[in-house]
Structure formats: structure tokens, C-alpha cells
Amino acid sequence: MSKKAFVVALLLIAAVICVVLLVFKDIPEEEDSLTVQEPVVLDERVTGPGHEIVIPVDSHKSPPGGNLFGDRILQGFGSGPPVRDIQLMGTLLSNYRMLAKGVDPRHYSTNEGVAEMLKGQGIVKLPALSEDHPVFNKEGLIVDRWGEPWLFHSVSSDRLDIYSPGEDGEYGTDDDLSLEQGRATMGKVEL
């Protein structure tokens with residue numbers, strides 16, 4: 001090895017050591033016990049040790065029902081265009097599935113089953129919605145903004161379609177809502 005190559009190799013090793021030291025300089029030394037700090041909610045921000053995450057929140061309204069993750073996702077339920085409600089429910093179910101590590105929708109292919117799951121009363125004990133959330137009627141079914149129960153159809157192990165009869169309460173008319181293959185639409189649904 002030439003003298004020049006040796007010097008270059010030493011400089012590279014020194015550079016790598018400097019980078020490693022810079023990257024790991026803020027990591028605290030290990031302690032005998034691990035202390036976990038819970039995030040503190042201050043106004044519209046969640047803060048924790050060494051980081052801050054800003055959560056977009058409508059400061060004029062609190063989520064309907066409570067403060068579970070599903071309550072936040074369905075915060076705009078019943079306002080805006082009706083097709084938005086079914087989009088929000090699709091987003092909630094998709095997030096639930098990720099958090100519950102791939103819940104198979106075939107186990108939750110009825111309105112009652114999906115309602116149980118979102119209340120944390122199913123196989124996975126992960127509540128997403130408060131039991132008093134406005135999306136539930138007195139019987140505990142998931143209903144649209146007009147009080148009509150939604151239809152959940154399990155197509156496969158990774159796909160759950162959602163249907164609402166719309167304002168007139170009848171399927172097969174132009175105000176039907178559907179979420180099929182992740183696409184929300186308003187229009188005639190043939191079941």
C-alpha cells in the first residue's frame with residue numbers, strides 16, 4: 001500500500017468516526033430502568049421528549065363522542081357532501097386494520113360485527129369509536145347521516161365494501177352511496 005493510499009484510508013476512517021460521534025452524541029446513556037414519558041397535550045400540539053407533532057384540529061369543535069382515534073377520523077361525519085361520510089368510514093376501517101395488524105374483514109362482514117369491532121368488543125380489543133358516537137343508532141348499528149344502517153360486504157380478506165341507501169332510504173336510486181375498491185361514489189347501487 002502506498003503512503004498516499006494509507007493517508008486517504010486514515011482520513012476516511014477518521015471521517016466515519018466523526019460522523020458516528022455526531023449521530024450518537026445526543027443519545028442518553030443507558031439507565032438501569034426505562035422511563036417512559038407520556039406525551040403532554042397542550043392546545044393543538046402533542047409534545048414529547050425531543051420532538052413535537054402538530055395535529056390539525058378544528059379548535060371550535062371537539063370530536064363527536066370522545067377522543068379515541070376513530071372519533072378524530074370521523075370528526076366531520078354528517079357535514080359536507082354525503083359521499084364524504086363513506087370516505088371517512090373507509091379511512092377509519094383502513095386505519096383500524098393497520099393498527100390491529102391486518103384484521104380480516106371476513107370476521108366483520110355485518111353491520112353488527114363492524115360496530116362491535118370499532119367499539120373494541122370484537123376479537124381485537126382496540127376501541128376506535130366511543131360507544132356514544134353519533135354514527136351508532138340506539139340499537140348500536142352504524143348508520144348514515146339519515147339514520148339508515150350501512151351495509152358492509154366482505155369481498156376478500158383485504159377488502160370490505162360499504163353501502164348506504166342515501167337520503168331516500170332505498171337502494172337502486174341515484175342518491176345511494178358506495179365505497180368499492182377504496183373509491184367513494186354517489187349514484188345508483190345494484191346489490
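The values are calculated or read from the model by the stated rules, or taken from the named source; none is laboratory data. Worth saying up front: this structure is predicted, and the values here are computed from it rather than measured. All Cβ positions, even for glycine, are placed from backbone atoms using ideal geometry, and neighbour counts span all protein chains on display.
When we screen P64, P81, P56, P49 for residues that are exposed (fewer than 15 other Cβ atoms within 10 Å of the Cβ) and either under 20 Å from R145 (Cα atoms) or at pLDDT 90 or above (or both), the only hit is P81. Evaluating G122 against the criteria (1) in contact with a Phe, Trp or Tyr (Cβ under 6 Å, 6 or more places away or on another chain); (2) assigned to a loop (DSSP other than H, G, I, E, B) leaves one unmet condition, (1).
Checked against (1) surrounded by 15 or more Cβ atoms within 10 Å (Cβ to Cβ); (2) farther than 21 Å from R183 by Cα, I123 passes all but a single condition, namely (1).
Please determine whether any residue of region 96-106 is crowded, with 21+ Cβ neighbours inside 10 Å, under 15 Å from I142 (Cα atoms) and either at pLDDT 85 or above or not charged (D, E, K, R) (or both). No; the residues of region 96-106 include none that is crowded, with 21+ Cβ neighbours inside 10 Å, under 15 Å from I142 (Cα atoms) and either at pLDDT 85 or above or not charged (D, E, K, R) (or both). In the set M98, M89, M117, only one residue is of a type in the set (A, V, I, L, M), assigned to a helix (DSSP H, G or I) and free of Cβ contacts under 8 Å to residues at least 12 places away in the same chain; that residue is M98. The residues in region 67-78 that are under 16 Å from I142 (Cα atoms) and surrounded by fewer than 20 Cβ atoms within 10 Å (Cβ to Cβ) can be counted, and the count is 3. Within region 129-154, the set of residues being within 15 Å of L74 (Cα to Cα) and either of a type in the set (D, E) or free of Cβ contacts under 8 Å to residues at least 24 places away in the same chain (or both) comprises E131, D132, F136, V143, D144.
Within region 163-182, the residues that satisfy the criterion of being in a strand (DSSP E or B) and either over 22 Å from G113 (Cα atoms) or in contact with a Phe, Trp or Tyr (Cβ under 6 Å, 6 or more places away or on another chain) (or both) are S164, S178.
In region 128-137, what count of residues is obtained for those that are surrounded by fewer than 18 Cβ atoms within 10 Å (Cβ to Cβ) and at pLDDT below 95?
Residues in region 128-137 being surrounded by fewer than 18 Cβ atoms within 10 Å (Cβ to Cβ) and at pLDDT below 95: 3 in total.
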